Structures are given as structure tokens and as C-alpha cells.
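FYI, it's all coordinate maths here, none of it is from the lab. Bear in mind the structure is a predicted one, so any value in this text is a computation, not a measurement. Note: ideal-geometry Cβ built from the backbone for every residue, glycine included; neighbour counts use all protein chains shown.
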């Protein structure tokens with residue numbers, strides 16, 4: 001598999017979350033869970049209890065994106081709740097220590113950068129992380145417009161990863177639809193987080209298929 005589709009529950013109906021997840025399960029690869037603390041970003045979403053509740057309803061890979069000021073405080077709780085991977089933001093600091101803690105807990109470890117953050121800060125992390133997340137919108141809210149200039153960072157990370165010969169995945173998140181997924185795949189992205197373009201365009205499984213087809217097309221160019 002050369003692309004992974006990760007629907008973001010941020011755009012799902014929270015009143016029927018397990019039902020919403022079931023509707024993407026057949027065509028999606030991961031479930032992306034946005035965790036916001038109202039400090040690192042100006043929004044509040046979910047925490048470990050919601051992850052644990054969802055875990056009882058699905059065996060999907062849980063890709064938890066921690067947009068929080070103090071991720072170290074919560075990593076164990078997310079692991080215990082059923083998370084498979086946690087991604088922390090480079091902007092928070094102490095990144096190497098956080099990556100090491102995630103791995104010791106048995107989590108896949110990801111590091112994210114915001115659109116305005118230079119890519120230089122994560123170049124040395126490529127061999128030690130499982131995932132690099134390049135934000136293609138400013139984090140905090142669903143439904144934002146894709147920032148195409150960020151794709152230059154995706155290309156730089158892809159080239160360095162390939163030079164090193166490691167398997168670190170490159171993920172994009174924000175404004176992802178069939179058009180932007182193709183563009184991002186062409187730049188080197190492999191994991192595509194999509195909220196609005198999936199959960200606002202039922203049937204959800206068909207929306208996932210369209211996204212995958214577009215990403216595969218871009219990755220083959």
C-alpha cells in the first residue's frame with residue numbers, strides 16, 4: 001500500500017461517533033483523532049476517555065494528533081486508552097525526549113510542524129520517528145483552505161528520507177480533498193488526513209475511495 005487514508009473525526013457527528021466511524025472503516029486505513037487543549041490551539045476537543053470509548057467499537061489504527069501544550073503528561077493515558085500512534089508538535093519543545101517516551105510506551109511516534117515552522121527543525125528526527133506530519137492549514141479548526149506553499153516542505157522531507165533509506169511516513173493534514181490529495185502525493189505525502197471532504201460528502205466510504213484514487217494518481221507521477 002502506497003497511500004493511507006485517515007478520516008479525521010473532528011468533522012464527524014460527535015453525537016453518533018461510533019456510527020460515523022463504522023461508515024469509514026471499510027475504506028479507510030487509519031482514524032485520525034485531533035486532541036486540542038484550548039491552549040496550544042484555540043479549541044477544545046477530545047481526550048483519552050473518548051479514545052477508549054471508540055476503541056471498544058473498532059480495531060482501526062488510532063492516529064492521535066496531540067495539539068496540546070504538555071503532551072508528556074498525557075502519553076501514558078492515550079496509550080492505555082487504545083491509541084496506536086501519537087503525534088506531538090515540534091513547537092512544544094523537548095521533542096527528542098517525547099519521541100523516546102512514546103517509543104518506550106509502545107506507541108508509534110510522530111512529530112508535526114505548523115505551516116509557518118521551518119522544516120529544518122525536524123530533519124534530524126527523520127531516522128528516529130515513525131511519522132512526520134506537515135500541517136497544510138493552521139491547526140485548531142476543520143474546514144480551512146489548503147496552504148499549497150507547504151508542499152515544498154513535504155518534498156524536502158521526502159528527499160531526505162529517501163536519501164537516508166528509512167521508512168518514516170509523511171502525513172498531511174488540513175484542506176485535503178481529491179484535488180489537494182493528488183498535489184500532496186506528488187510532493188511525497190503518503191498519509192492523508194481528511195475531515196470535511198469525507199464527513200460532509202456521504203456516503204463516506206465512497207469519499208474515502210475518491211481520496212485514495214486521487215492520492216494514488218499523484219504518487220504515480
Open item on the list: Can you tell me, using C-alpha contacts under 8 Å and at least 6 residues apart, the relative contact order of segment 4-219 as a whole percent?
Closed with: 20
TODO: Report, to two decimal places, the Cα Rg of segment 150-198 normalised by 2.2 N^0.38 Å (N = number of residues).
DONE: 1.14
TODO: Can you tell me the equivalent ellipsoid semi-axes for segment 65-128? Use √(5λ) from the Cα gyration tensor, largest first, whole Å.
DONE: 20, 12, 9
Open item on the list: For 216, 44, which order do you get if you count the other beta carbons within 10 Å of each Cβ and list the fewest first?
Closed with: 44, 216
Open item on the list: Starting from the 7 Å offset along Cα-to-Cβ, what nm value, one decimal, do you get for the label separation of residue 116 and residue 104?
Closed with: 3.4
TODO: Any chance you could run the full-extension gain for residue 128 through residue 209? It's 0.36 nm times the residue separation minus the Cα-Cα distance, nm to one decimal.
DONE: 26.0 nm
Open item on the list: Taking every alpha carbon pair in segment 1-125, what does the distance histogram look like in 5 angstrom bins from 0, in percent?
Closed with: 2, 11, 21, 23, 20, 15, 7, 2, 0
- [ ] Provide the FRET efficiency to the nearest 0.05 for the residue 155-residue 70 pair, computing r from the beta carbons and using R0 = 22 Å.
- [x] 0.10
TODO: Give me 177, 120 ranked fewest to most by other Cβ atoms within 10 Å of their Cβ, as a rough exposure proxy.
DONE: 120, 177
Open item on the list: What percentages make up the Cα-Cα pair-distance distribution of segment 181-221 when the bins are 10 Å wide from 0?
Closed with: 35, 48, 17
TODO: Please work out the Cα center distance from segment 1-27 to segment 51-81, rounded to the nearest Å.
DONE: 15
- [ ] Mind ranking 79-87, 151-159, 10-18, 55-63 by how tightly packed they are, going by the mean number of other C-beta atoms within 10 angstrom, highest first?
- [x] 79-87, 151-159, 55-63, 10-18
Open item on the list: Semi-axes of the equivalent ellipsoid for the chain, please: Cα gyration tensor eigenvalues, times 5, square-rooted, ordered largest first, whole Å.
Closed with: 23, 22, 16
